[in-house]
Amino acid sequence: MSIFVCFVVLAFLSTSSGIKYKDNDKVILYVNKVGPYFNPHETYHYYQLPVCRPKKIEHKSLTLGEVLDGDRMALSEYDIRFTRDSDKKELCKVTFTEQDLQLLRDAIEDLYYFEFVIDEIPVRGFIGHLEEGGFLPHNHKVFLWAHLNFNIEYNGNQVIYANVTTKEQAPVSLDGVTAPYEVVFTYSVKWMKTNMAYDDRAKRVRDNSFFPKTLEIHWLSIINSMVLVFLLIGFVVIILTRVLKSDFARYNVDDEESDDIDQEDNGWKIIHSDVFRFPSFKSLFTAILGVGSQFLALATGIMVMAVLGMFNVHHHGSINSAGVILYAFTSGIAGYVAANMYKVLGGDNWVWNLNLTSCLFAAPFFMVWAFVNSVAWGYGTTQALPWQTVVLLMCLWGFVGYPLTIIGGIFGKNWATGFDAPCRTKNFPREVPSVPWYRSSFAHCVVGGFLPFSAISVELYYIFATLWGREQYTLYGILFIVYGILISVTGCISIALTYFQLSAEDYRWWWRSIFSAGSTGCFVFLYAMFYYFKRSNMSGALQTIEFFGYTFLTCYVFFLMLGTVSFFASLNFVRYIYVNLKMD
Ligand SMILES: *[C@@H]1O[C@H](CO)[C@@H](O)[C@H](O)[C@H]1NC(C)=O
């Protein structure tokens with residue numbers, strides 16, 4: 001199994017040196033998918049439209065990434081010969097039924113585009129053309145492009161670039177025609193010599209995409225986030241110095257004034273015998289930390305791979321499959337951290353703890369995915385995964401992810417040391433004084449979620465536009481910086497909020513620290529709603545369900561990751577200040 005997985009990994013990491021053709025060799029054109037231009041995640045197989053199709057449809061075997069991206073390539077009847085121009089060749093004649101005509105009209109109304117693949121280059125064009133004319137009387141005409149013209153650039157014996165244009169011949173009008181209606185589909189091919197090297201072709205393909213251009217650099221937002229980070233770090237440094245100063249002041253008995261200056265600061269010292277009282281629901285608590293750590297490792301790994309340019313720029317599929325595979329292989333981290341923390345906090349039911357850890361993300365993911373996939377399957381789109389892929393993914397979890405969680409957990413449990421708290425915990429908990437509203441957990445969650453969110457809010461637009469739109473994002477370096485900013489802001493705000501909480505003599509910081517910064521996930525979800533309704537043109541039940549289903553999972557991952565960062569930042573801070581507090 002793992003050998004097979006390694007093959008999959010290698011398959012999408014390997015960069016081939018390309019196919020070499022001889023004169024008059026057949027250049028294979030695969031038909032791939034069709035779908036509404038504004039719904040990137042609603043795609044259907046090309047042969048679901050009434051078009052020319054071979055008697056027997058032969059599919060190309062695809063990589064995991066391509067399948068996850070909704071690709072379903074099949075052979076076509078286009079006969080393209082290397083460097084041979086052809087003027088107007090007939091592909092086939094299709095006789096449309098009334099149903100076919102309606103299907104085509106609807107597709108053209110929805111701005112359907114098609115995608116072919118020539119020598120691994122995606123080639124896209126619109127199915128038809130809408131014409132709105134005249135104000136009064138208003139007329140609305142639907143045309144079908146029955147002639148396609150392929151432009152292919154070559155250098156030596158390799159294909160460098162390809163596109164398709166449709167305007168060469170007048171389109172066929174679909175208005176007022178009745179079935180049976182015969183249309184002749186034709187195509188032409190033009191070959192052009194170019195000096196561009198094969199290695200540069202990815203850039204050539206990217207710069208001449210059918211979809212909107214690559215996104216621009218956005219320095220202002222980066223600077224904005226940076227300023228926020230520096231402010232927050234300054235804030236934390238000020239808190240720490242104040243804590244230390246008042247600590248020194250304790251030894252200076254003559255200095256009576258200093259006591260009332262920092263009356264507020266002394267709250268946290270009073271609760272030293274409660275602050276290390278372990279939280280309730282230890283198993284869930286440590287499972288969150290385990291899965292959160294796993295996703296931190298996963299996100300870092302994917303960013304490093306992206307910065308190193310390991311992904312295919314043509315589609316997101318390669319990132320998806322890297323994510324799936326890395327998730328399985330990083331499961332050991334989740335098991336290790338969860339079991340280790342669980343043991344440290346004195347838990348004893350470690351089998352249950354590990355099962356909870358391995359299901360904490362997998363179960364919600366499976367439920368959302370099963371729902372979305374059933375809907376997609378009902379619609380007959382290519383976004384619905386074929387059963388082979390489903391089996392593969394389940395095996396990946398069952399034979400790699402789950403066992404690694406257990407193995408990691410066994411190591412974590414056996415290597416655990418005691419908690420070694422700087423202060424002794426008393427048997428009976430103190431009473432927690434009531435706090436004003438601005439110190440309630442709700443207020444902390446709003447502040448703790450909003451600041452990290454605001455540090456990445458501008459970036460989020462680009463991420464959403466890339467994942468849910470047609471834009472292409474290639475500035476992984478910037479994304480990596482923003483990721484670092486996000487982690488730092490989360491850590492700082494968590495320390496500050498924990499300090500305020502302890503000052504108010506509230507020692508229940510364990511769970512609070514997870515939720516206060518984990519609430520960033522809620523803000524991301526609110527932003528997603530704004531994006532969906534105001535910034536995108538997505539529509540229809542299928543696309544809506546997919547968008548909100550996967551966005552929910554993304555926000556959940558944000559919660560787990562940032563909650564983990566926040567907890568460990570607070571834990572180190574609390575240890576640090578109480579170690580410095582010399583207890584009698
Ligand atoms: C298609 O490619 C040809 C040849 O490289 C180029 O001249 C033409 O502008 C391209 N058309 C589009 C719409 O990109």
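Of Ser221, Ser209, all but one fail to be in contact (Cβ under 8 Å) with a residue 40 or more places away in the chain, within 12 Å of the ligand (Cβ to nearest atom) and small (Gly, Ala, Ser); the exception is Ser209.
When region 179-190 is limited to residues that are more than 16 Å from the ligand (Cβ to nearest atom) and farther than 14 Å from Gly128 by Cβ, the one that is least open to solvent (accessible area, probe 1.4 Å) turns out to be Thr186. Within region 414-429, residues that are closer than 18 Å to Ala338 by Cβ sit with their Cβ atoms under 9 Å from residues that are surrounded by fewer than 15 Cβ atoms within 10 Å (Cβ to Cβ), at 6+ positions apart or across chains, in these pairs: Phe419/Phe278; Phe419/Gly346. Scanning region 184-193 finds one or more residues that are more than 30 Å from Met310 (Cα to Cα), in contact (Cβ under 8 Å) with a residue 60 or more places away in the chain and touching a His at 6+ places or on another chain (Cβ under 7 Å).
With Val229, Val236 as the choices, which residue is in a helix (DSSP H, G or I), away from the ligand (no atom under 16 Å from the Cβ), touching a helix residue (DSSP H, G or I) at 6+ places or on another chain (Cβ under 7 Å) and farther than 25 Å from Leu475 by Cβ?
Result: Val236 is the single residue among Val229, Val236 that is in a helix (DSSP H, G or I), away from the ligand (no atom under 16 Å from the Cβ), touching a helix residue (DSSP H, G or I) at 6+ places or on another chain (Cβ under 7 Å) and farther than 25 Å from Leu475 by Cβ.
Being assigned to a strand (DSSP E or B) and more than 11 Å from the ligand (Cβ to nearest atom) is the filter here, so list the residues in region 149-178 that pass it.
We begin by selecting, within region 149-178, every residue assigned to a strand (DSSP E or B); these are 149-155, 158-165, 172-173.
Matches in region 149-178: Asn155, Gln158, Val159, Val172, Ser173.
Tell me whether region 416-433 contains one or more residues that are within 21 Å of the chain's Cα centre (by Cα), open to solvent by 30 Å² or more (accessible area, probe 1.4 Å) and not polar (S, T, N, Q). No, every residue in region 416-433 fails to be within 21 Å of the chain's Cα centre (by Cα), open to solvent by 30 Å² or more (accessible area, probe 1.4 Å) and not polar (S, T, N, Q). The condition (being within 16 Å of the ligand (Cβ to nearest atom), open to solvent by 10 Å² or more (accessible area, probe 1.4 Å) and assigned to a strand (DSSP E or B)) is satisfied by just one residue among Glu131, Glu115: Glu115.
Spot the failing condition for Thr544; the list is (1) surrounded by fewer than 17 Cβ atoms within 10 Å (Cβ to Cβ); (2) of a type in the set (Ser, Thr, Tyr); (3) under 26 Å from Ile233 (Cβ atoms), and only one is missed. (3) is the only condition that Thr544 fails.
A search for C-beta distances below 9 Å between a residue of region 361-389 that is at positive phi and any residue that is surrounded by fewer than 18 Cβ atoms within 10 Å (Cβ to Cβ) and part of a helix (DSSP H, G or I), counting only pairs 6+ apart in sequence or on different chains, returns Gly380/Gln48. Confirm whether Tyr462 is assigned to a helix (DSSP H, G or I) and out of contact with any strand residue (DSSP E or B) (no Cβ under 9 Å at 6 or more places or on another chain). Spelling it out, Tyr462 is indeed assigned to a helix (DSSP H, G or I) and out of contact with any strand residue (DSSP E or B) (no Cβ under 9 Å at 6 or more places or on another chain). Against the test of being closer than 25 Å to Leu497 by Cα, at pLDDT 70 or above and either in the same structural domain as Trp510 (by TED's automatic domain parsing) or not in a helix (DSSP H, G or I) (or both), the options Phe210, Phe276 yield a single qualifying residue, Phe276. None of Tyr461, Tyr507 is farther than 29 Å from Met305 by Cα, touching a residue at least 24 places away in the same chain (Cβ under 8 Å) and either in contact with a Phe, Trp or Tyr (Cβ under 7 Å, 6 or more places away or on another chain) or not hydrophobic (A, V, I, L, M, F, W, C) (or both) except Tyr507.
Out of Ile238, Ile223, Ile261, one residue alone is out of contact with any Pro (no Cβ under 9 Å at 6 or more places or on another chain), open to solvent by 80 Å² or more (accessible area, probe 1.4 Å) and modelled with pLDDT under 75. It is Ile261.
Residues in region 434-461 that are under 26 Å from Ile319 (Cβ atoms) and open to solvent by 40 Å² or more (accessible area, probe 1.4 Å): Val458, Tyr461.
For region 507-541, how many residues are modelled with pLDDT under 90 and either touching a Lys or Arg at 6+ places or on another chain (Cβ under 9 Å) or closer than 28 Å to Val237 by Cα (or both)? Residues meeting the conditions: 0. The combined condition, being more than 11 Å from the ligand (Cβ to nearest atom) and within 39 Å of the chain's Cα centre (by Cα), is not fulfilled by His140. For region 392-410, the condition of being at pLDDT 85 or above and not in a helix (DSSP H, G or I) holds for none of the residues. Looking across Glu58, Glu77, one residue alone is of a type in the set (D, E, K, R), surrounded by fewer than 16 Cβ atoms within 10 Å (Cβ to Cβ) and either at pLDDT below 90 or out of contact with any Cys (no Cβ under 8 Å at 6 or more places or on another chain) (or both). It is Glu58.
The values are calculated or read from the model by the stated rules, or taken from the named source; none is laboratory data. It should be emphasised that the depicted structure is a prediction, and the values quoted were computed from it without experimental measurement. Neighbour counts are summed over all protein chains in view; Cβ atoms, including those assigned to glycine, are modelled from backbone coordinates with ideal geometry. SASA here: full protein model, heavy atoms, side chains in, ligands and nucleic acids out. Shrake-Rupley method; radii C 1.70, N 1.55, O 1.52, S 1.80 Å.
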